[in-house]
Amino acid sequence: MSEETEKPTPETTEKSVAKQEEVIELPALEKGLSEKLTSKFGEKTSIAFVKENRVRVDVKKEDVHDVAEFIRDEMNFDHVESVTGVDFPDDKEIEVVYHIGSYTDNSLANQVLTLATRAPREDIPIPGKDGTRLPTLRDIFYSVEFHEREVFEMLGVYFDGHPDNRRLLLPEDWADLPPLRKDFAIKGR
Amino acid sequence: MLKDLVTPENANVFVGKLGDILEKAIDKPLGYAINWGRIWSLWPVHIETACCSVEFGAASSPRYDVERFGIIEAFGSLRQCDLVVVQGTITRKMAPRLRLVYDQMPEPKYVIAMGACAITGGLYFDSYNVLPGIDGVIPVDVYVPGCPPRPETLIQGCILLQEKIKRMKARKFV
Amino acid sequence: MTAELPPGLALQKVDERIMTLNVGPQHPGSGHMRIVVQIDGDYIVACDPDPGYVHRGEEKMAEYRNYITNIPHLERPVIHDSCNVLYPYVLGAEEILGIEVPERAKYVRVIASELNRCIYTQYWLAIYGIFLGHSTMFMWPAGDRELLIDLMEKMSGARVTHAHFVPGGVRNDLPANFEDACLRQVNYFEKRIKEYAAVFYDNPILISRTKDTGVLSKQDAIRLGTTGSVLRASGVDYDLRIKEPYDVYEELDVHTNVMKEGDSYARSKVPWLDMMESCNIIRQALQKMPKSGSVRTKLKPNPKTKGPETVYKRVESGRGSLGCYIVSDGKTEPYRVKMSVGSFRNLIALPYLLKGEKLGNMPSVYWSLNYWPVEADR
Amino acid sequence: MGTATGIIRALNSGIKHLAIKRFTLRYPEEKLKFVGDGYQFDPSTGVGIAGLKGRHMLFHDHCTGCQLCSIACEGVAEAIAMVKVPDNQKQNKKSIMPQIDYGKCVFCGLCVDACPFYALYMTNDYELSSFTKEGLIYTPAQLAVKPYVSQDSEIQITDRGATHG
């Protein structure tokens, strides 16, 4: 999905082209942020889009730890607002999206840097014991602790190195699939 | 003579019969007095299960003031309570706890199901973690619909419950 | 020579002295969540919050509903702040569906959002009064909040669950004479909340119970990623109404209140100061609002682009920054909706703050985190 | 400020309220006054008309049995079911009309927004408590009855506090 949202496709209507030009003028700061990342990591990161106040970076799961460390240390982003897991059964992948914000740097106060990575997905999940794994970011951003626990129980992504990968919200006797996976069907649908 | 009638074998039966006769004799006036006492001192247990607790709080607020009807503000210890107002959604994690609370309360006890979630599951009819109504967990006396019900509707439900208690047989729990 | 311990104590190992205590879910000081605390005597050694008693799977159900039928669902996490909790979703849906909002609707939204913030904070304050055993502080806010609930009822037709915001504006126009009634009741409300100072905030009993308990330093508040009043009470000036203004907040004069102490007292005082600011904002918005005009543009059910699109929108709710991440795949239903809620983000501070605190301070620290369990569980 | 003066100030500010008028609404005797006759929707402009979202009211002569309200409720609460109308009552083309289960209804009013024929409105009636679940199901005939709602009381703000008159 990242390639498609990156640049306007030729088929776009006039209206959206006009909108796109407007957007390109605005984000000078956002452009700087994305260039900072690409100059450091080069091929490892791909900038999915640069919108007003929002920059999205896609990285491979091997590099997510290094990129996150760079974002914290060099780019002044200091906390994670949310960690979202999105299931893509067609790609056989689960996307984990970190929305990273900054309190300390006033110029970055309205920016949200979106760091997305993907974990392999197994059709028959055994949460915690199969290959659906990602390195944890808890040693970099302390604030992801409960969010990663939630992603683990809702999607079955195990975070290597997380100190406390226990169940958080679901009942103690939950023995079904992780509920936010697309193949978990709710009643009558 | 009584000594001959009552043998150790039939003593239990005899005492039971005597109790029945006594109860029948004073049932009407005594039962009325007992029910009168129960109506004007309903103590709801302090268990919030979901978001309807906001309107339950509003019902105890100065504007609606359910204490006028003898429903005292929600109370901590469930050993002294006789009313459960199930304030909204019962999830699968909460259901055993609700039953546990209900079982620990002394008889007599009454249940008001407050809100659409507690009656039928409401908005969450197809959720994976919500029970379709609390009828399967505890018996319900009065249903108060709404999402959440207005405090007036809850008060109306409480008045209905008081009507129901008035017509109940008090003897069962004497 | 070492000092001789009494025989009973000398035999006990440290593990035996530590007791595990369950607080909740049926407990007046916990609400709908369970806190497992380990105590050594009177001091909390470790704390493990156990939320999830109201986990209803809102995010999963949102994937099966279209953009308009999601509205009653996504406001249920915080019913007494339902306008704010719906706000980021509506903003995100507008971007995905490509809908413009009329100017008057933006002002109506801001008024509704600020009224809801006050209603939420008043209820929170009432429960804080109960937790501290201060009955007057339950009765006053719970009664005064009805003034604003009446306004919301006039505006949208429901006491707490309004379902009033839709992509493209609001569902109905303001009734006649709403502006006068709003101004009168908001002014009276502001006069009333100023009276809380003497009975609650300057009360030595409250001060002795909340001062210097659960201190969260500025560095830790940033590191833990807390938000809203918890963050502002620790000295970080961060409010999305100023930093990333949405709808018409740019044209209004908004101030935030920051305290440096970071203890329970500061965390309980910042929302109260914010309420007065909200009254100011409502008055400004009433003045600047266009007197007539459309309040709703026609809804388009399909996303404007057929391809995948993601949107992340944030607003400042009663509990802090509230983000909504919507993934669309071009269908009439969203592919994934994630609410990043303030309560869930502040929950991480609870084990951190309670460690080393006395058990008696637990309710005052816990509820000062501006926590609403239903929202955290979603 | 010392402890003693603080407590005296707190007590004093509370004692002042002894002289303030009663705020309590004496509910079964007096009822709140609402705006208008309940939430309505105008399909020609696409904007609703403010009012309380209470029990529904169905106009039998406008209802065409198109099921749009039922479809709108499908994703929300599935409270509306289309039922057959008895032969002795007013019929429409498909002879079905909505029946609403108030045990499921959440009073969001999206069904009113969906109705293009001015047939479904909401009223000011909110007193719906019942002893049984069946008592919460309102048939089309019951929904056609306009509720009698006495509304007399409104918040009044005077110099001596807010009151309901």
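Being of a type in the set (A, V, I, L, M, F, W, C), out of contact with any helix residue (DSSP H, G or I) (no Cβ under 8 Å at 6 or more places or on another chain) and not in a loop (DSSP other than H, G, I, E, B): is that true of residue D:81 here?
no
Take segment B:131-147 and flag every residue that is at the interface with chain D (Cβ under 9 Å from one of its Cβ atoms) and either open to solvent by less than 20 Å² (accessible area, probe 1.4 Å) or touching a residue at least 24 places away in the same chain (Cβ under 8 Å) (or both).
Across segment B:131-147, the qualifying residues are B:133, B:140, B:141, B:142, B:143, B:144, B:145, B:146, B:147.
Of the conditions (1) open to solvent by 10 Å² or more (accessible area, probe 1.4 Å); (2) farther than 28 Å from residue C:315 by Cβ, residue C:210 fails just one. Which one is it?
Failed condition: (1).
List, please: which pairs have Cβ atoms under 6 Å, are six or more places apart or on different chains, and start with a residue in segment D:145-162 that is within 17 Å of residue D:33 (Cβ to Cβ) and end with one that is assigned to a strand (DSSP E or B)?
Close Cβ pairs satisfying both conditions: D:153/D:32; D:155/D:162; D:156/D:163.
Just need a number here: residues in segment A:41-98 that are open to solvent by 40 Å² or more (accessible area, probe 1.4 Å), touching a Ser or Thr at 6+ places or on another chain (Cβ under 6 Å) and in contact (Cβ under 8 Å) with a residue 60 or more places away in the chain.
So the count comes out to 1.
Can you name every one of the helices (runs of 4 or more DSSP H) wholly within segment B:1-84 that holds 3 or more residues which are under 30 Å from residue C:161 (Cβ atoms)?
Helices (runs of 4 or more DSSP H) meeting the threshold: B:53-59.
Kindly provide the set of residues from segment C:123-138 that are open to solvent by less than 40 Å² (accessible area, probe 1.4 Å), assigned to a helix (DSSP H, G or I) and within 14 Å of chain D (Cβ to nearest Cβ), ordered by number.
Selection gives C:129, C:137, C:138.
Please verify whether segment C:91-103 includes one or more residues that are surrounded by 24 or more Cβ atoms within 10 Å (Cβ to Cβ) and touching a Leu at 6+ places or on another chain (Cβ under 8 Å).
No, segment C:91-103 contains no residue that is surrounded by 24 or more Cβ atoms within 10 Å (Cβ to Cβ) and touching a Leu at 6+ places or on another chain (Cβ under 8 Å).
Output the residue which, of all residues in segment C:38-54 that are open to solvent by less than 10 Å² (accessible area, probe 1.4 Å) and touching an Asp or Glu at 6+ places or on another chain (Cβ under 8 Å), is farthest from residue C:324 (Cα to Cα).
This residue is C:44.
Test residue D:91 against the criterion of being closer than 30 Å to residue C:189 by Cβ and of a type outside the set (A, V, I, L, M, F, W, C), and give yes or no.
So residue D:91 fails the test.
Working only within segment D:14-34, note down all residues that are within 11 Å of chain C (Cβ to nearest Cβ), open to solvent by less than 40 Å² (accessible area, probe 1.4 Å) and not aliphatic (A, V, I, L, M).
Result: D:14, D:23, D:24, D:34.
Given the conditions (1) surrounded by fewer than 24 Cβ atoms within 10 Å (Cβ to Cβ); (2) touching a residue at least 60 places away in the same chain (Cβ under 8 Å); (3) in a helix (DSSP H, G or I), report the number of the one that residue B:163 does not fulfil.
Here residue B:163 meets the rest and fails (2).
On the given criteria, is residue A:106 in contact with a helix residue (DSSP H, G or I) (Cβ under 6 Å, 6 or more places away or on another chain), closer than 26 Å to residue C:245 by Cα and without any contact (Cβ under 8 Å) to a residue 60 or more places away in the chain?
So residue A:106 does not fit the description; no.
Can you tell me which of C:195, C:190 is closer than 22 Å to residue C:121 by Cβ and at the interface with chain D (Cβ under 7 Å from one of its Cβ atoms)?
Residue meeting the stated conditions: C:195.
With farther than 30 Å from residue A:139 by Cα, open to solvent by 10 Å² or more (accessible area, probe 1.4 Å), over 22 Å from the mean Cα position of the chain (by Cα) and not basic (Lys, Arg) as the only criterion, which of C:190, C:195 stands out?
C:195
When you go through B:139, B:96, B:132 one by one, which is the residue that is in a helix (DSSP H, G or I) and not β-branched (Val, Ile, Thr)?
Answer to the selection: B:96.
Let's see how each residue does on (1) modelled with pLDDT of 85 or more; (2) of a type outside the set (A, V, I, L, M); (3) in contact with a Leu (Cβ under 6 Å, 6 or more places away or on another chain):
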site: A:28; (1), (2), (3): no, no, no
site: A:37; (1), (2), (3): no, no, no
site: A:49; (1), (2), (3): no, yes, no
site: A:52; (1), (2), (3): no, yes, yes
site: A:55; (1), (2), (3): no, no, yes
site: A:67; (1), (2), (3): no, no, no
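Residue C:113 fails exactly one of the following numbered conditions: (1) open to solvent by less than 10 Å² (accessible area, probe 1.4 Å); (2) polar (S, T, N, Q); (3) more than 13 Å from the chain's Cα centre (by Cα). What is the number of that condition?
(3)
For segment D:11-39, name all the residues that are at pLDDT below 85 and either more than 27 Å from residue B:66 (Cβ to Cβ) or polar (S, T, N, Q) (or both).
D:13, D:36, D:37
List, please: which pairs have Cβ atoms under 7 Å, are six or more places apart or on different chains, and start with a residue in segment A:168-189 that is surrounded by 11 or more Cβ atoms within 10 Å (Cβ to Cβ) and end with one that is of a type in the set (A, V, I, L, M) and not in a loop (DSSP other than H, G, I, E, B)?
A:178/A:154; A:178/A:155; A:179/A:154; A:180/A:154; A:180/A:155; A:181/A:155; A:186/C:61
What about residue D:104, is it farther than 24 Å from residue C:154 by Cβ, within 14 Å of chain C (Cβ to nearest Cβ) and in a loop (DSSP other than H, G, I, E, B)?
Yes: the conditions hold for residue D:104.
Determine, yes or no, whether residue B:126 is free of Cβ contacts under 8 Å to residues at least 40 places away in the same chain, open to solvent by less than 10 Å² (accessible area, probe 1.4 Å) and not in a helix (DSSP H, G or I).
So residue B:126 passes the test.
Looking at segment B:6-22, can you tell me whether even one residue there is in contact (Cβ under 8 Å) with a residue 40 or more places away in the chain and either open to solvent by 40 Å² or more (accessible area, probe 1.4 Å) or closer than 23 Å to residue C:33 by Cα (or both)?
Within segment B:6-22, not a single residue is in contact (Cβ under 8 Å) with a residue 40 or more places away in the chain and either open to solvent by 40 Å² or more (accessible area, probe 1.4 Å) or closer than 23 Å to residue C:33 by Cα (or both).
For segment A:50-64, which residues satisfy the criterion of being facing chain C (nearest Cβ under 9 Å) and under 13 Å from the mean Cα position of the chain (by Cα)?
Correct list: A:54, A:56.
If I ask for residues that are open to solvent by 20 Å² or more (accessible area, probe 1.4 Å), farther than 19 Å from residue C:293 by Cα and among the hydrophobic types (A, V, I, L, M, F, W, C), which ones from segment D:35-56 would you list?
Passing the criteria: only D:35.
Restricting to segment D:63-94, what's the tally of residues that are open to solvent by less than 70 Å² (accessible area, probe 1.4 Å), more than 27 Å from residue B:121 (Cα to Cα) and touching a Gly at 6+ places or on another chain (Cβ under 7 Å)?
1
Residues that are within 12 Å of another protein chain (Cβ to nearest Cβ): list the strands (runs of 3 or more DSSP E) wholly contained in segment D:119-165 that include at least 3 such residues.
Here the list reads D:156-158, D:161-163.
The values are calculated or read from the model by the stated rules, or taken from the named source; none is laboratory data. Every value quoted in this text rests on a predicted model; they were computed, and no experiment measured them. Cβ: placed from backbone, ideal geometry, glycine included. Neighbour counts: every protein chain shown. SASA here: full protein model, heavy atoms, side chains in, ligands and nucleic acids out. Shrake-Rupley method; radii C 1.70, N 1.55, O 1.52, S 1.80 Å.
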